[in-house]
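**Student:** Starting off with a structure, shown below.
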Number of protein chains: 2
Amino acid sequence: MGFFTCDEGVKLNLRERTIGTTVKRNKRVTATDVAEAAGVSRSAVSRAFTPNAYLDAEKRSHIMSTALRLGYRPNALAASLQGKRSNLVAVAAGGMNNLYNAEFTAMLVARLNAAGKWPIVIGGSEAVLEEAILPVLSYPLDALIVRGSSLSKQVFEDCAKLNIPLIFSGRIIEATFADCVSCRNADGTAQATRQLIAKGRRHFGFIGGPEGLSSSNDRLTGIRQALSEAGLELTALAQSDYTYEGGRDVAGKLLSDHHIDALLCANDATALGALSVARYGLHRQVPQDLSIVGFDDIAQASWPEYDLTTLRNPLDQTIEEILRLLQERLTDPGKPNEQVYIDPQLVQRGTG
Amino acid sequence: MGFFTCDEGVKLNLRERTIGTTVKRNKRVTATDVAEAAGVSRSAVSRAFTPNAYLDAEKRSHIMSTALRLGYRPNALAASLQGKRSNLVAVAAGGMNNLYNAEFTAMLVARLNAAGKWPIVIGGSEAVLEEAILPVLSYPLDALIVRGSSLSKQVFEDCAKLNIPLIFSGRIIEATFADCVSCRNADGTAQATRQLIAKGRRHFGFIGGPEGLSSSNDRLTGIRQALSEAGLELTALAQSDYTYEGGRDVAGKLLSDHHIDALLCANDATALGALSVARYGLHRQVPQDLSIVGFDDIAQASWPEYDLTTLRNPLDQTIEEILRLLQERLTDPGKPNEQVYIDPQLVQRGTG
DNA sequence: ACAGTAGATGAACACGTGTGCAGTTATAGT
DNA sequence: ACTATAACTGCACACGTGTTCATCTACTGT
């Protein structure tokens, strides 16, 4: 087979290996195999893969070349039994049909990889997510990162008992056992609302996200606050599911039922759907007759066919904070919990 | 603290762990802990979590309740040392800026979760990906699933030596050590091209993907074949990077430099960019003056503002095959390798 | 009454690794 | 030449789990 010499090939074939007297099923190459092949002790093999360990330089390079030839690689799981970090991090990604969540997860995964942390991603709908997380806790995780969605108390408690640090994003958790990083949602939408009022808008509508999500609620709060400052009230309120299709449907009905000249959406996907149905379905002039503003600043928002005015929910900054929190929590598990707030920025484009 | 009494806390030390006196450091709850708390042997605890193991029913329920109280959960890694499956699957996701890859990964993750397999996702650019995969091979993976991108020979060989099954998607691998499932790319583009010819198109352009990707090459082959059947030749050929932005840039130049009335793109993201620049940048009438056809049928293709004619690269079918291959490979590791081909379908919409 | 069997139980081993410990060798310092 | 120290090495243990094995109990069938 190329990487085994002939006499070894007798004992070492692809189907089964004979070690001592016992015949084993073909499994991973182990440190013992390398030790036998290199004619050294197993300890030496382990030390060869441990930086700064006492080991003769020549012996080390001999071991490493033998390991390379056999395709040996220390089993990270067996190592984790020795108190080493597993470097596994579970990531509960919110619904991926929310385009921001998709961008978020992609970037988080890339940054974790660059930091030598390996994300076990849990996706799917929120209902499935809850059930899927529990079995993942069977692995010795360095941490659990939760994006957006809400989880039951049982998961929290199990994490605490298993000593798995929790990091939340997109949702402020009042709990004392979790770090979290979130956007100042109300500040953002208040700012956007004031700007629209200054432009002469008076009849406001809002399309929120799934029931009970604090991100959506907070964004609504900001709008109401800015409106009341100007002596105005919200004209129309509707609820959707943070998706493009949901935005289309809900906005179509809302724009038909109410006379409004400014529509704020709880996220960009919803706003894109609303923009689509306003322009192509209802033939409204945006932004002449109607302003539409989103939240997040996903990639599509800047595409010329949309050119969506929105509030940037800074992705890189948020993820950088998550990695910082993760790092600090691992180096000092007793550190008090942190709540980090990120400021959104109004991105003025062509829809409002 | 919770489940430790005070006097135990005196001896509690961050470095050491005394088993005899039930003093433990800040780590996972273990089967021994549960055994002591429940007053049974550790074997009994292990059996309580093993279906169909001999264990008194009353004892079992007692163990389970104390386990629940302590938050115990068998360590999957330690279990995998006993020959149990780790249920970990590495997923090398192609570049996430390719929207199809993002959809693909999201769906694959969800389906794997539903099947009780936990994906370690490796993302980022292709250059990073290669380096990131190697350390992930330190975990005892059930399989490695590779989407789209190409990997070096070293990764293949290491997987073979470590006995990790390989499953490719989106790229046909001639190797004998990997299963793969791919789309009949050439058939798809040939079909689309014939239809465009029938509609009177004569001057064809093609924007491909990254250099050397077989998916892009195959799609070009199909076009050339259908053209030559009709005695035609390709008018313009350009290369991009499978992204929306890349599609915009390359199509802008290509449409300015050449007179063409039909533009086929190697994927939908590219086609959306091309459509955008054609309509909003160059003010071309699509489909009156110019037909544009994509490949994949991502979610955005069906949005009314695009209404993109494209070739559906069936996501669910592809992923279903991947899971089938995975399942079969795990139950019968000696099974000969399979190459599965999926038929694309022409989705006739408004752009060509 | 007795053998036979099924159920239940804990001790002990195996899995693959990192590392403390004790022992050996080489090198430097006086 | 002698000592102190550093470099090196292998044995043995620990990590948390599943499972075999021998042992023990309880029950069934004749």
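**Student:** Select from region A:45-88 the residues that are in contact with a helix residue (DSSP H, G or I) (Cβ under 6 Å, 6 or more places away or on another chain), more than 14 Å from chain B (Cβ to nearest Cβ) and among the small types (Gly, Ala, Ser) and list them in ascending order.
**Tutor:** A:Ala48, A:Ala53
**Student:** Turning to a different aspect of this structure: Could you check A:Ile122 against (1) in contact with a strand residue (DSSP E or B) (Cβ under 6 Å, 6 or more places away or on another chain); (2) surrounded by fewer than 24 Cβ atoms within 10 Å (Cβ to Cβ); (3) of a type in the set (Val, Ile, Thr) and say which number it fails?
**Tutor:** Failing condition for A:Ile122: (2).
**Student:** Among the listed residues B:Ala79, B:Ala90, B:Ala67, which satisfies the condition of being more than 10 Å from DNA strand C (Cβ to nearest atom) and either basic (Lys, Arg) or under 27 Å from the mean Cα position of the chain (by Cα) (or both)?
**Tutor:** Going through B:Ala79, B:Ala90, B:Ala67 in turn, the sole match is B:Ala90.
**Student:** Against the definition (surrounded by 18 or more Cβ atoms within 10 Å (Cβ to Cβ), over 27 Å from the mean Cα position of the chain (by Cα), farther than 23 Å from B:Leu141 by Cα and within 13 Å of DNA strand D (Cβ to nearest atom)), how does B:Tyr72 come out, yes or no?
**Tutor:** Answer is yes for this residue.
**Student:** Another question about this same structure. Run A:Ala110 past the list (1) more than 7 Å from every other protein chain (Cβ to nearest Cβ); (2) at pLDDT 90 or above and report the number of the one that doesn't hold.
**Tutor:** For A:Ala110, the failing item is (1).
**Student:** To continue, here is another question. Just to be sure, is B:Ala198 in contact (Cβ under 8 Å) with a residue 24 or more places away in the chain and either assigned by the TED database to the domain that holds B:Ser214 or touching a helix residue (DSSP H, G or I) at 6+ places or on another chain (Cβ under 7 Å) (or both)?
**Tutor:** No.
**Student:** For region B:47-60, state whether one or more residues are more than 8 Å from DNA strand D (Cβ to nearest atom), closer than 27 Å to A:Gln82 by Cβ, buried (at least 18 other Cβ atoms within 10 Å of the Cβ) and at pLDDT 85 or above.
**Tutor:** Taking every residue of region B:47-60 in turn, at least one turns out to be more than 8 Å from DNA strand D (Cβ to nearest atom), closer than 27 Å to A:Gln82 by Cβ, buried (at least 18 other Cβ atoms within 10 Å of the Cβ) and at pLDDT 85 or above.
**Student:** For region B:102-114, enumerate the residues that are in contact with a helix residue (DSSP H, G or I) (Cβ under 6 Å, 6 or more places away or on another chain) and among the small types (Gly, Ala, Ser).
**Tutor:** B:Ala102
**Student:** Considering only residues that are surrounded by 23 or more Cβ atoms within 10 Å (Cβ to Cβ) and β-branched (Val, Ile, Thr), look in region A:131-147 and name the one that is farthest from the other protein chains (Cβ to nearest Cβ).
**Tutor:** A:Val146
**Student:** Can you tell me which residues in region B:219-271 are hydroxyl-bearing (Ser, Thr, Tyr), buried (at least 19 other Cβ atoms within 10 Å of the Cβ) and not in a helix (DSSP H, G or I)?
**Tutor:** B:Ser240, B:Tyr242, B:Thr243
**Student:** A:Val128: in a strand (DSSP E or B), facing chain B (nearest Cβ under 9 Å), away from DNA strand D (no atom under 14 Å from the Cβ) and β-branched (Val, Ile, Thr), yes or no?
**Tutor:** no
**Student:** Taking into account only those residues within region B:285-306 that are crowded, with 24+ Cβ neighbours inside 10 Å and of a type in the set (Val, Ile, Thr), which is nearest to the other protein chains (Cβ to nearest Cβ)?
**Tutor:** Filtering region B:285-306 for residues that are crowded, with 24+ Cβ neighbours inside 10 Å and of a type in the set (Val, Ile, Thr), the one nearest to the other protein chains (Cβ to nearest Cβ) comes out as B:Ile298.
**Student:** Which one of these is at pLDDT below 90, under 30 Å from A:Tyr100 (Cα atoms) and not polar (S, T, N, Q): B:Gly20, B:Gly2, B:Gly94, B:Gly83?
**Tutor:** Result: B:Gly94 is the single residue among B:Gly20, B:Gly2, B:Gly94, B:Gly83 that is at pLDDT below 90, under 30 Å from A:Tyr100 (Cα atoms) and not polar (S, T, N, Q).
**Student:** Can I ask one more? Counting only residues that are polar (S, T, N, Q), touching a strand residue (DSSP E or B) at 6+ places or on another chain (Cβ under 8 Å) and assigned to a helix (DSSP H, G or I), how many does region B:310-352 have?
**Tutor:** Selection size over region B:310-352: 2.
**Student:** Take B:Val34 and decide whether it is within 14 Å of DNA strand C (Cβ to nearest atom), modelled with pLDDT of 85 or more and either more than 14 Å from chain A (Cβ to nearest Cβ) or in contact with a Cys (Cβ under 9 Å, 6 or more places away or on another chain) (or both).
**Tutor:** Judged against the criteria, B:Val34 is not a match.
**Student:** Next up: How many of the residues making up region B:272-309 are in contact with a Cys (Cβ under 8 Å, 6 or more places away or on another chain) and either assigned to a loop (DSSP other than H, G, I, E, B) or assigned by the TED database to the domain that holds B:Glu103 (or both)?
**Tutor:** Here the count works out to 2.
**Student:** How about region A:93-107: which of its residues are within 19 Å of B:Ile133 (Cα to Cα) and either touching a residue at least 60 places away in the same chain (Cβ under 8 Å) or facing chain B (nearest Cβ under 7 Å) (or both)?
**Tutor:** Listed by number, the residues that qualify are A:Ala106, A:Met107.
**Student:** Identify all residues within region A:40-64 that are over 30 Å from A:Ile164 (Cα atoms), within 11 Å of DNA strand C (Cβ to nearest atom) and not aliphatic (A, V, I, L, M); write none if there are none.
**Tutor:** Within region A:40-64, A:Ser41, A:Arg42, A:Ser43, A:Tyr54, A:Asp56 qualify.
**Student:** Among the listed residues A:Met96, A:Met64, identify the single one that is under 30 Å from A:Asp241 (Cα atoms) and more than 10 Å from DNA strand D (Cβ to nearest atom).
**Tutor:** A:Met96
**Student:** While we're here: Applying the selection to region B:243-280, what residues are under 24 Å from B:Arg194 (Cα atoms) and within 14 Å of chain A (Cβ to nearest Cβ)?
**Tutor:** Listed by number, the residues that qualify are B:Gly247, B:Ala251, B:Asp268, B:Ala269, B:Thr270, B:Ala271, B:Leu272, B:Gly273, B:Ala274, B:Leu275, B:Ala278.
**Student:** Going through region B:111-123 one residue at a time, which ones are of a type outside the set (A, V, I, L, M) and free of Cβ contacts under 8 Å to residues at least 24 places away in the same chain?
**Tutor:** Within region B:111-123, just B:Asn113 meets the criteria.
The values are calculated or read from the model by the stated rules, or taken from the named source; none is laboratory data. The model shown is predicted, which means the values in this text are computed figures rather than measured ones. Quick reminder, even Gly has a Cβ in these numbers, built from the backbone with ideal geometry, and neighbours come from all protein chains shown.
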